Amino acid sequence: MRRRLAPLLVALLAAIAAPAAVRAEDVGSGHEGHSEHREIPGDAPASDRSLYQLPGTWTDQSGRSFALASLRGGPVLLVLFYGTCDSVCPIVVRDLEKVEAMLPEQDRRRTHFVLVTIDPLVDTPERLLAYARKNGLDPSRWTLLNGPPAQVRVLANVIGFKYRPTGTGQYSHTIRITVLDREGVVVDHADGLERPLEPIAARVSSLLAGATK
Amino acid sequence: MGLAGLLGIALGAAAASPEMRLLPGGTYVPLYPVKNERPTPVAPFLLDEVAVSNAEFLEFVRAVPAWRRSRVSPLFADRAYLSDWASDLELGPDAPADAPTTFVSWFAADAYCRQGGKRLPTEAEWELAAAPPREDAAAPAETERRILAFYARPRGRLPRVGSTPPNAYGIRDLHGVIWEWVEDFNASFAAADARSDRERGLESVCGGGAIGATDAKSYTTFMRIAFRSSLEATYALHHLGFRCARSLP
């Protein structure tokens with residue numbers, strides 16, 4: 001067993017090491033004589049990283065067309081999930097509700113909680129509405145979104161959320177709460193289930209600190 | 001229906017886009033299945049015979065200015081994006097028109113395919129396309145040797161697209177020219193940080209990782225999946241290009 005695995009592990013480790021090496025090599029060499037990495041001068045303004053530039057529209061739990069850009073102005077806690085997820089997703093949604101409860105009233109009113117389904121063919125807006133009601137999610141703050149699968153994949157890749165269907169309607173997926181600032185720029189992630197929730201609430205409040213209204 | 005029958009359909013289905021080939025689909029077993037995971041059924045689909053070339057990608061950025069090098073959002077591509085081109089709309093000596101386009105992010109590849117009414121192939125589709133049924137028992141070992149030789153070769157200039165012989169499905173360049181984006185490039189270790197697979201996530205990329213794998217014989221599949229899993233969707237790398245697929249109506 002050990003003997004058969006050894007070369008395999010070497011190959012695997014080599015492969016894992018490879019991308020970094022390829023990357024350095026890609027940028028640095030391969031074309032002799034000049035740098036291949038022609039950087040665009042200057043850093044892009046933060047708004048260039050806003051999620052609100054993503055193309056496409058969504059449908060919310062009321063069946064209404066919804067543009068992500070309509071969230072502009074307040075902080076957003078964004079979670080990708082699916083309604084028939086019976087293990088992890090309900091815990092993450094409950095955690096979001098806990099963060100909601102932790103926020104001071106004036107911050108809570110101005111924060112949005114957005115759940116986007118990774119299973120849009122099953123999680124129709126009607127089912128999302130039923131999910132929101134069952135979990136007692138306040139419709140003034142909670143938005144549950146359905147969109148075309150390709151659009152979901154793009155959003156997931158923007159926030160670094162990985163998922164794949166594993167048959168029987170279930171998904172293997174990342175556990176991640178994403179914090180967006182008031183312009184839709186990702187400013188924080190909280191991964192896994194055992195992270196403390198207080199820092200997330202504090203982050204949201206800090207995004208509202210000094211804001212008028 | 002046999003392969004010949006399917007290929008007969010291919011001639012009809014592919015008439016509008018002669019550069020695509022019909023693949024019969026099948027069943028793909030993920031290299032790292034999670035508990036109770038079932039093999040992924042793959043429906044017959046169309047796949048580009050060759051990778052997208054610089055010339056083709058240039059047409060795309062002409063048509064869609066938001067994907068030009070100077071205008072692309074940092075949300076969608078890192079700073080190496082199209083860095084081998086001479087300028088926004090000029091390929092230059094480092095990016096031959098007939099070579100595969102590389103230094104493109106996943107977002108750019110995805111947008112290119114969708115603009116043409118296509119999509120990126122899934123990992124399952126790509127891996128099935130790259131492994132036609134074998135007639136010769138010695139073939140797998142030989143194929144693995146050839147692919148490993150490519151993976152080990154120092155990176156030089158890219159050959160033109162279509163420069164390698166077609167495989168049994170009529171698809172070229174799957175091995176030996178570039179690495180390719182797939183739609184779900186980062187899904188293999190999707191649950192690496194999920195609760196139920198927390199420990200597995202570590203094992204997957206560490207010593208005992210191969211024990212959980214379904215096909216421990218294929219070094220090159222391991223290498224491809226490890227490579228893909230290491231990517232971020234904004235990465236633009238030399239030797240990382242793509243081709244498009246299309247579902248049958």
Which number in (1) closer than 20 Å to A:Thr178 by Cα; (2) in a helix (DSSP H, G or I) marks the one condition that A:Tyr131 misses? (1)
So which of B:Asp110, B:Asp94 ends up being within 9 Å of another protein chain (Cβ to nearest Cβ), modelled with pLDDT under 95 and out of contact with any Pro (no Cβ under 9 Å at 6 or more places or on another chain)? B:Asp94
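Among the candidates B:Ala168, B:Ala137, single out the residue that is over 27 Å from B:Leu82 (Cα atoms) and either modelled with pLDDT of 85 or more or within 12 Å of another protein chain (Cβ to nearest Cβ) (or both). Before you say what the answer is, go through the steps one by one.
Numbers: B:Ala137 fails: either modelled with pLDDT of 85 or more or within 12 Å of another protein chain (Cβ to nearest Cβ) (or both).
Testing whether each residue is over 27 Å from B:Leu82 (Cα atoms) and either modelled with pLDDT of 85 or more or within 12 Å of another protein chain (Cβ to nearest Cβ) (or both) leaves just B:Ala168.
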Restricting to region A:161-199, and then to whatever is at pLDDT below 95 and of a type in the set (Gly, Ala, Ser), can you tell me which residue is nearest to B:Ser188 (Cα to Cα)? A:Ser172
Quick count over region B:183-197, residues being at the interface with another protein chain (Cβ under 7 Å from one of its Cβ atoms), at pLDDT below 65 and part of a helix (DSSP H, G or I), is 4
B:Thr40 being buried (at least 20 other Cβ atoms within 10 Å of the Cβ) and at pLDDT below 95: yes
Residue satisfying all of: in region B:16-65; without any contact (Cβ under 8 Å) to a residue 60 or more places away in the chain and within 20 Å of B:Ser188 (Cβ to Cβ); farthest from the other protein chains (Cβ to nearest Cβ) among these: B:Thr27
So for region B:97-105 (the condition being outside any helix (DSSP H, G or I) and surrounded by fewer than 20 Cβ atoms within 10 Å (Cβ to Cβ)), does at least one residue qualify? yes
State which residue pairs qualify: first residue over 24 Å from B:Asp110 (Cα atoms) and facing chain B (nearest Cβ under 8 Å) and inside region A:157-177, second residue charged (D, E, K, R) and surrounded by fewer than 19 Cβ atoms within 10 Å (Cβ to Cβ) in any location, beta carbons under 6 Å apart, and separation of 6 or more residues or different chains. A:Gly167/B:Arg38
Can you name the residue in region B:171-182 that is among the hydrophobic types (A, V, I, L, M, F, W, C) and assigned to a loop (DSSP other than H, G, I, E, B) and, of all such residues, is farthest from the other protein chains (Cβ to nearest Cβ)? B:Ile171
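Every residue, every condition in (1) touching a Ser or Thr at 6+ places or on another chain (Cβ under 7 Å); (2) part of a helix (DSSP H, G or I), yes or no:
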site	(1), (2)
A:Asp48	yes, yes
A:Gly56	no, no
A:Gly74	yes, no
A:Gly83	yes, no
A:Asp86	no, no
A:Val93	no, yes
A:Val99	no, yes
A:Arg110	no, no
Among the residues of region B:46-80, count how many are under 22 Å from the mean Cα position of the chain (by Cα) and under 20 Å from B:Val161 (Cβ atoms). 17
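Would you check which residues across region A:129-145 are more than 21 Å from A:Val185 (Cα to Cα) and buried (at least 16 other Cβ atoms within 10 Å of the Cβ) and list them? Give the derivation first.
Going residue by residue through region A:129-145, those that are more than 21 Å from A:Val185 (Cα to Cα) are A:129-140.
Passing the criteria: A:Leu129, A:Tyr131, A:Ala132, A:Leu137.
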Given the conditions (1) free of Cβ contacts under 8 Å to residues at least 24 places away in the same chain; (2) in a helix (DSSP H, G or I); (3) within 30 Å of A:Thr168 (Cα to Cα), and given that B:Ala131 satisfies all but one, which numbered condition is not satisfied? (2)
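The values are calculated or read from the model by the stated rules, or taken from the named source; none is laboratory data. What you see is a predicted model, and the numbers here were worked out from it, not measured in a lab. Every residue, glycine as well, gets a Cβ built from its backbone with ideal geometry; the counts of neighbours run over all protein chains shown.
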